[in-house]
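Student: Shown below is the structure under consideration.
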Amino acid sequence: MPRYERTRQFLTADESHTITTTVPQHRLRFEGFTSPQRDLRYDAATKRVSSLKGSATPPYQTVAQEAAVFARQVAQGCWTPAGNLVFEGQGAIRYNLVPATSGPCRGDAQVGQAIVDRKNGAVLRREVGLADGSFKEVDVLSQFQTLALTPRTRELLKFGSHDGGALAGKIGRSF
């Protein structure tokens, strides 16, 4: 069954904050915070907050890092160019997935396409799935920009307080 959700990510060099909500209900499904000191995860389905040891770098990639990974996949033959197009006002290139069960391109997806910004290589839309339609994943980059780290933008990195979360009282909003 397909799941529709929207994920917002805020990244610095050593911290990340991810918020995933359902579409169209806008209900919180997941929230995560990563820093070198601690990783926090909230799963709305179980109403549990888990705290893990921190990691040196965020587990999420910037748009530029994702563009570099996609360029490597194209160089390895995992994606083939299928033509130029205009996507939401930007010059772009459409790529088709080359399904593989072994080698550097191995994966579960059997069909897929990606739309990549011609100027900076950013993956604007990626859609992969199984040929019978039983699995489908769609990622769309709607907006990305670099903001100065100020007290106002620092608020975007704060982990929320989750009433009913198993560790919510211990964690609070100190991050």
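The values are calculated or read from the model by the stated rules, or taken from the named source; none is laboratory data. Keep in mind it's a predicted model, so treat the numbers as computed, not measured. No Cβ is skipped: glycine too gets one built from the backbone with ideal geometry, and neighbour counts run over all protein chains shown.
Student: Listed residues 94, 41; which is assigned to a strand (DSSP E or B), surrounded by 15 or more Cβ atoms within 10 Å (Cβ to Cβ) and not assigned by TED's automatic domain parsing to the domain that holds residue 162?
Tutor: Values: 41 fails: not assigned by TED's automatic domain parsing to the domain that holds residue 162.
Being assigned to a strand (DSSP E or B), surrounded by 15 or more Cβ atoms within 10 Å (Cβ to Cβ) and not assigned by TED's automatic domain parsing to the domain that holds residue 162 holds for just one of 94, 41, which is 94.
Student: How many of the residues in the stretch 8-27 are more than 13 Å from the chain's Cα centre (by Cα) and polar (S, T, N, Q)?
Tutor: 3
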